[in-house]
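One structure below.
Values in this text are rule-based calculations from the coordinates and carry no lab data. All values reported here derive from a predicted model rather than from experimental measurement. Please note: Cβ atoms are built from the backbone with ideal geometry, for glycine as well, and neighbour counts cover all protein chains shown.
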Amino acid sequence: MKAVKAALITGASSRLASPLARFFAGRGYALLLHQRRPRKNVAALAEDLRDQGATVEVMTHDFAERANIEIFCARMAEPFGFPEAIVNNASNFVHDFPGAGNADLLAESFLVHMLAPFMILETACKAKRAEQKLSVFNILDQKLLNLNPDYYSYTLGKSGLMTMTEIWGRAGRDDVRVFGLLPGLMFPSGPQSDERFVADSAKIPTGRALPPGDLCALIGFLLDHPDMPGALFPLDGGEHLLARRRDVAFE
């Protein structure tokens, strides 16, 4: 198979996936988009990108079941070989709270946020071309640097992914870089109305929510500087420096 410069984006139905996909397509990457289940917005995104000349494949696997993660890992090289850029963006953002936690939700959080990225990266490292260098971008959350009890199971799963990111930075490999991106408020979430989102954005030290293009610009910078080692990068306008007892949507 001829080597193709490709990028994998998991969680392609999320609002962040569209700017990510357009960013990578603009840089000439073939795109492998993962979705949990068939979604119209993913199909529309893939078709729009193809109309603009991009090469796009979509794979559907529910990472909340381990068997589906294994199937995805066995198949993810079929379209283009193993991708050189991997964005672990899939997420299970469901509210629970200490004292009213849900063990099934926690297990799903571990599968989606930890086991899937773990297995994707392990599979790619074992089977990639010897000369191939991987850049991995784990989408985390600024709240990991300023914990609050909301989204309890989600936070535990993402915390595991952040620890995985830091451990990879100490693995001593020069062919795999793993970055943790910790965005702050980007889109309305949970119980936020559009009006509440605007008001909550004004509470951030910079006075605005994170434009998704800024996150893409950071990825571009890291791709353009291959000697930079893996690291954690907050992108939150200083939001993680604010002392909060609850998630901003519940303040």
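What is the calculated FRET efficiency for residue 43 to residue 65, with r their C-beta to C-beta distance and R₀ = 22 Å, to the nearest 0.05?
0.50
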Cα-only radius of gyration and Dmax that characterise segment 47-91, units Å:
12.3, 35
Can you give me the long-range amide H partners of residue 86? Hydrogens built in the peptide plane at 1.01 Å from N, cutoff under 5 Å, separation of 5 or more residues or another chain.
8, 135, 136, 137
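What fraction of the Cα pairs in segment 116-164, stated in percent, has a spacing above 14 angstrom?
Details: 681 of 1176 pairs.
Cα-Cα pairs in segment 116-164 separated by more than 14 Å: 58 percent.
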Segment 196-211 - phi-based ³J(HN,Hα) in whole Hz, Karplus 6.51/-1.76/1.60, Gly and Pro as x
5, 4, 4, 5, 5, 4, 5, 7, 6, x, 7, x, 8, 6, 6, x
Angle, helix 40-51 long axis vs. longest principal axis of the chain, Cα atoms, 0 to 90°, nearest 10?
50
Under 5 Å, built H, 5+ apart or other chain: amide partners of residue 235:
182, 184
Label 7 Å along Cα→Cβ of residue 52; segment 197-223 residues with amide nitrogen under 17 Å?
212-220
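Lysine pairs in the chain with alpha-carbon atoms under 21 Å apart, 8 or more places apart or on different chains: how many are there? If you can, show how the numbers build up before the last one.
Working: 2/126; 2/128; 2/133; 5/126; 5/128; 5/133; 143/158; 143/203.
Taking the chain as the scope, the lysine pair count is 8.
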Hz values of 3J(HN,Hα) by residue in segment 26-31 - Karplus curve (6.51, -1.76, 1.60), Gly and Pro given as x:
x, 9, x, 7, 6, 10
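Computed from the mean reciprocal separation of all distinct C-alpha pairs, what Kirkwood hydrodynamic radius does the chain have, in Å? Spell out each step's value before the answer.
Values: mean 1/r = 0.0538 Å⁻¹.
This gives a value of 18.6 Å.
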Add +1 for every Lys or Arg and -1 for every Asp or Glu among the other residues with Cβ under 10 Å from the Cβ of residue 236, and state the total.
-1
Show me the three semi-axes of the equivalent ellipsoid for segment 108-251, from the C-alpha gyration tensor (sqrt of 5 times each eigenvalue), largest first, rounded to whole Å.
30, 17, 12
Burial ranking of peptide ranges 233-241, 9-17 (average Cβ count within 10 Å, highest at the top):
9-17, 233-241
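Compute the relative contact order of the chain as a whole-number percentage, counting only Cα pairs closer than 8 Å that sit 6 or more residues apart in sequence.
On the way: 424 pairs, mean separation 45.5, N = 251.
The value is 18 percent.
Give me the net charge of residue 133's neighbourhood, meaning all other residues with Cβ under 12 Å from the Cβ of residue 133; Lys, Arg count +1, Asp, Glu -1.
Values: positive: 5, 128, 129, 173, 177; negative: 84, 131, 174, 175, 227.
Taking every other residue near residue 133 into account, the sum is 0.
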With label points set 7 Å from each Cα along the Cα-to-Cβ direction at residue 167 and residue 227, the distance between them in nm comes to 3.0
Please list, in chain and number order, the residues 5+ apart from residue 59 or on another chain whose amide H is under 5 Å from its amide H, with Hs placed from the backbone.
33, 34, 35
